[in-house]
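Peer 1: Pasting a structure below so you can have a look.
No lab work stands behind these numbers, since they all come straight from the coordinates. Please read all numbers here as calculations on a predicted model, not as lab measurements. Here the Cβ positions follow ideal geometry from the backbone for every residue, glycine too, while neighbour counts run over all protein chains shown.
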Amino acid sequence: MIPKIAIVGRPNVGKSTLFNRLTRTRDALVSDLPGLTRDRKEGEAELGGHPIKIIDTAGLEVAAKGSIADRMRQQTEAAIELADLVLFVIDAKAGVTATDETFARTVRASGRPVVLIANKCEGRSSDEGFYEAFKLGFGEPVAISAEHGMGLGDLERDALAALGMKPKQRPRKGDEIADEEEPEERHRPLRVAIVGRPNAGKSTLVNALLGEDRMITGPEPGLTRDSVASDITWNGQPIRLFDTAGLRKKAKVTELAEKLSTSDTVRAIRFAEVVVLLIDPERGLEHQDLSIGELTTEEGRAIVIAINKWDLVEDKQKVLKDLFAKIEIGLAQVPGVAVVPISAASEKGLDKLMRAIVKAAETWNRRVPTPQLNRWLEEALARHAPPAPSGRRLKIRYMTQPSTRPPTFVAFCSRPDALPKTYQKYLLNSLRQAFDLPGVPIRLNLRGGNNPFAPKRRG
């Protein structure tokens, strides 16, 4: 019998978007308007090579008996009873609401296996909501962005485990088994935004990578006004390039068209996976470049710095020395960021740039197994024990990595508010070194209490 999975949650948390993503259809209507879905909708999907039935449901709401909302809730409860697994979805940006807690009890009372999903985790604003989800009592949530197709591999893994199923082996390629990532993520193009100040050569670089004059170029700054997407394939890897408008200081952005262009560039950074910050060596790394880099890391995106017009630079060693000194201070939050000299006009250094982009994406997606992570934690604590403010030693008991893109870690400790920033920095630097995580933002979040996954003591 084909297993059935019901997607449930309060209105507007992204259930229909997830339904469409899993079924690879647009059957479910999607809108910012809450309550758009009223009836149960079934669709066919595949998880780990197994056929699955997916049920999209109406948003769970507290409502007067006999009302439309009450009948919608009854439909959802019927779907839960029919399901072999429930995907309970919350909006990580909004955090856990009273409605989420109410219907978490309803789902728990059904006795069905549950996978908790924290949706809309594409930005940093979702962090707090993700950690709040632990209190719903369904264990560690799966961080995803249904809209952007992020985290679906982790969702597949947890859903199959909850159903007691294993992924079917992929077809072999020679002596090697094909990659077992979720198919949607494996074939989706890597999104790369080319950003920088006006006239740094962004459009010229995109044209060079495309091998054709797709973008208008010229000496006049500001020729590009909106983010233009172009697809290429490099060594078998599909890549979607976004040529963006040049970003200037806010005080200098006056015209309406340029304001819209700037907003569009910021959106491109938020939507990208890797951001290439293009620098003109004649002007060096200025404050605006560092601001763009800081915005990129705040949004949790991987970053690669490309120095354009390198063939025109005379004293290359001096330029590199000055540049690395500024990066070390201005982008201290992402040590080890790749710096690649190129010439877009003469198409030099492009292969090296593409290798750096793909490597940054791989690092950004890296997951550290929990046993390895906690072995490292024991060694890190032994090398440098946590401080003892007010004479009481702080204890860090357990660590897990709930999500990638960027790598995000949670440490459970006795008094998270008392752990100094200097010690957190020590842990972050040690993490980077131990698990080879250069040049991407990584996040360490502290939570109070013991290991949430340890067996509960009786009595």
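Peer 1: From the alpha carbon gyration tensor of segment 322-459, can you work out the equivalent ellipsoid semi-axes (sqrt of 5 times each eigenvalue) and give them in Å, largest to smallest?
Peer 2: Rounded to whole Å, the semi-axes are 36, 18, 10.
Peer 1: Let me ask something else. I need to check one value: relative contact order of segment 349-411, counting alpha carbon pairs closer than 8 Å and at least 6 residues apart, in percent.
Peer 2: Once divided by the residue count of segment 349-411, the mean separation gives 36 percent.
Peer 1: For segment 70-117, what is Rg from Cα atoms divided by 2.2 N^0.38 Å, rounded to two decimals?
Peer 2: For segment 70-117, the normalised Cα radius of gyration comes out at 1.14.
Peer 1: May I pose another question? Can you list the residues, at least 5 places off or on another chain, whose amide H is less than 5 Å from the amide H of Leu190, using H built in the peptide plane?
Peer 2: Amide H neighbours of Leu190, under 5 Å, 5+ apart: Ile239, Arg240.
Peer 1: For a protection proxy built on the mean count of beta-carbon atoms within 10 angstrom, sort 193-204, 345-356, 147-158 highest first, please.
Peer 2: Top to bottom by mean Cβ count within 10 Å: 193-204, 147-158, 345-356.
Peer 1: May I pose another question? Distance cut-off 24 Å, Cα to Cα: go down the list Lys15/Lys168; Lys202/Lys425; Lys202/Lys359; Lys168/Lys359; Lys41/Lys120 and report the pairs above it.
Peer 2: Lys15/Lys168; Lys202/Lys425; Lys168/Lys359
Peer 1: Before anything else, pin down the relative contact order of segment 325-459: Cα pairs under 8 Å, at least 6 apart, normalised by residue count, whole percent.
Peer 2: 26
Peer 1: Any idea what the dipole of segment 294-422 comes to, in debye rounded to 20, about its Cα centre with Lys/Arg Cβ at +1 and Asp/Glu Cβ at -1?
Peer 2: 640
Peer 1: So what's the net charge close to Val410: Lys and Arg +1, Asp and Glu -1, counting the other residues with Cβ under 14 Å from its Cβ?
Peer 2: +1
Peer 1: For a quick size check, give me the Cα extents of segment 389-440 along its three principal axes, largest first, whole Å.
Peer 2: 36, 20, 16
Peer 1: Tally Lys/Arg at +1 and Asp/Glu at -1 over every other residue whose Cβ is under 14 Å from the Cβ of Gly111; what's the total?
Peer 2: That works out to 0.
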